[in-house]
Structure formats: structure tokens, C-alpha cells
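Mind having a look at this structure? Questions to follow.
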Amino acid sequence: MKIDGGCLCGHVAYEAEIDPEKVAICHCTDCQINSATAYRYGVPVRRENFRLTRGALKTFVKTAESGGERALSFCPECGTSIHGGDVVEPKVFSLRLGTARQRADLRPKRQVWRRSAMPWIDDLSDMPAHETQPWTRDAKGALVRLADVPSN
């Protein structure tokens, strides 16, 4: 499947050819920290099937739990994570699908590092949900985003 995407600020754009059957969620703690959320959503893509169409990436090298090094590539302007791979001449990248324009069509087929999953990850359907950012009134009656109201 051909996909395309890019970073939040538009500095970086890419095209890739992927196998949608290999889309996965990773619950490892490194992915939680690097993505600033409960898990990362990605797919392996062969180097020859990935092409930057705009911009250049910056890379950070991290040491995995196994002791191996991984190169994490991201937009140097806004910090959006694009992919991870081997440090020297990667043959395959782990493409971060939150950046793909087609992400709604790319349903995960498996989960990895489930031992590190947040204990509440399977219980999201029972919590209140809002279609957009909810608004409320502050103590002075002004309309504010719910996230900006201080908690007591």
C-alpha cells in the first residue's frame, strides 16, 4: 500500500510503500516516553520503499533494553518522530504511522511489549468522551478550555 505523510509543521514529508498487515502497536517504555503517550503505532518499511519528499531529518541514538542502539529520526523544526532504525545503514525503518495521511485506514494487527502496557489501556470505552476539546466557564464566567482550568 502506498502512503504519504509528514511532520506537524510541514518541514518534512515522505512517501512509503508498506504492508498494512504488519501495522503494530508498541507498548515498550522507550516508545511511551519518545511518543509522550501510552504506545507507539507503526509499521516496518524497507529502506528502498521509503523516500523523503521534503526536508531533512535529525537523528537521536538511543540504547534499547537489549543493549543495541537505535537511531530515532525526527523533524529538526517541530520534533515530530518519523521513524526508527539501525544506526548504521538500516535496511528497515519502523515508520511512525501517526504521521501518515492514511492513518485511519491502517488498523493495527498486533501488539508488542505488552508487558509494559499501561494498566488502563483496555478500559478506555467506559470513560467520558468529547468529539472536540471541551470548554467550560472559569470562576469569572469566561469561556476556557477544560484543560486550562486548575484542579483543586
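The values are calculated or read from the model by the stated rules, or taken from the named source; none is laboratory data. Predicted model only: the values in this text are computed from it and were never measured. Reconstructed Cβ throughout: ideal geometry from the backbone, glycine too, with neighbour counts over all protein chains shown.
If a residue has to be surrounded by 14 or more Cβ atoms within 10 Å (Cβ to Cβ), assigned to a loop (DSSP other than H, G, I, E, B) and either aromatic (Phe, Trp, Tyr) or modelled with pLDDT of 95 or more (or both) to count, how many in region 35-69 make the cut?
3
Could you grab me the full set of residues in region 1-24 that are closer than 26 Å to ALA64 by Cβ, out of contact with any helix residue (DSSP H, G or I) (no Cβ under 9 Å at 6 or more places or on another chain) and surrounded by 15 or more Cβ atoms within 10 Å (Cβ to Cβ)?
ALA24
If you don't mind, another one. Could you say which residue among THR80, THR29, THR99, THR59 is touching an Asp or Glu at 6+ places or on another chain (Cβ under 9 Å) and polar (S, T, N, Q)?
Just one listed residue meets the conditions, THR29.
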